[in-house]
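Okay, structure first, notes after.
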Amino acid sequence: MHDIIEDTDISDLYLSTHFGESISQIVKAVSNHKDETKTKLENKRITFSKIAENEQAIIVKLADRIANVEFSLLHGNIKLLDKYKKEQLLIEELFPSVIKSIKAQKLFVHLKELFKIAICLNLKEGRSKKEL
């Protein structure tokens, strides 16, 4: 459900009416900021800053990113792993100071550990899944 605003025509009003304001706020926070006048990195920074303002949005984002990184590791998708590694720098910059719950802390640590695994596997661009 976290990608519903990006992937459908569902409105904020529909979300808040049918799922409540709390869920609507989480979904809005994790939805990618898209400003054509900004770089991808600037848009990501804005998105992650919105997420950092909502503990539940942090949990959703970290869980989603863990699933994406695990899938990429499993399938040897180097291109996506590289993208996630770059974005991890923003996550590590913006999230730690605002994480309050033990659940979010554990997810944050787990995500960092996944990147350590990727480094240990010494994944390089062009390396095939069979080489893993």
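The values are calculated or read from the model by the stated rules, or taken from the named source; none is laboratory data. Model, not experiment: these values are computed from the prediction. A quick note on method: Cβ atoms are made from the backbone with ideal geometry, for glycine too, and the neighbour counts reach across all protein chains shown.
Points to keep in mind about this one:
- Residues of region 39-98 that are in a loop (DSSP other than H, G, I, E, B), crowded, with 16+ Cβ neighbours inside 10 Å and touching a Phe, Trp or Tyr at 6+ places or on another chain (Cβ under 8 Å): ASN77, PHE95.
- For region 114-124, a residue qualifies if it is without any contact (Cβ under 8 Å) to a residue 12 or more places away in the chain and either surrounded by 15 or more Cβ atoms within 10 Å (Cβ to Cβ) or within 29 Å of THR39 (Cβ to Cβ) (or both), and the qualifying residues are LYS116, ILE119.
- Within region 37-51, the set of residues being over 19 Å from ARG65 (Cα atoms) and either among the β-branched types (Val, Ile, Thr) or not assigned by TED's automatic domain parsing to the domain that holds PHE95 (or both) comprises THR37, THR39.
- Pair list, Cβ under 7 Å, 6 or more apart: region 53-74 residue assigned by TED's automatic domain parsing to the domain that holds LYS86, other residue of a type in the set (D, E, K, R): GLU55/LYS100; ILE59/LYS103
- Across region 86-132, the number of residues qualifying as of a type in the set (Lys, Arg) and modelled with pLDDT of 85 or more comes to 6.
- With respect to the stated conditions, SER24 is at negative phi, crowded, with 16+ Cβ neighbours inside 10 Å, touching a Ser or Thr at 6+ places or on another chain (Cβ under 7 Å) and not in a loop (DSSP other than H, G, I, E, B).
- Selection within region 99-113 - surrounded by 15 or more Cβ atoms within 10 Å (Cβ to Cβ) and in contact with an Asp or Glu (Cβ under 8 Å, 6 or more places away or on another chain): ILE99, ALA104
- Odd one out for LEU41, checked against (1) under 30 Å from LEU121 (Cα atoms); (2) modelled with pLDDT of 95 or more: (2)
- Residue count, region 1-21 (criterion: β-branched (Val, Ile, Thr) and exposed (fewer than 13 other Cβ atoms within 10 Å of the Cβ)): 2
- A Cβ distance below 6 Å, combined with a sequence gap of six or more or placement on separate chains, defines the contacts here; from region 1-25, residues that are in the same structural domain as ILE59 (by TED's automatic domain parsing) and under 19 Å from LYS61 (Cβ atoms) reach no residue that is assigned to a loop (DSSP other than H, G, I, E, B) and modelled with pLDDT of 95 or more.
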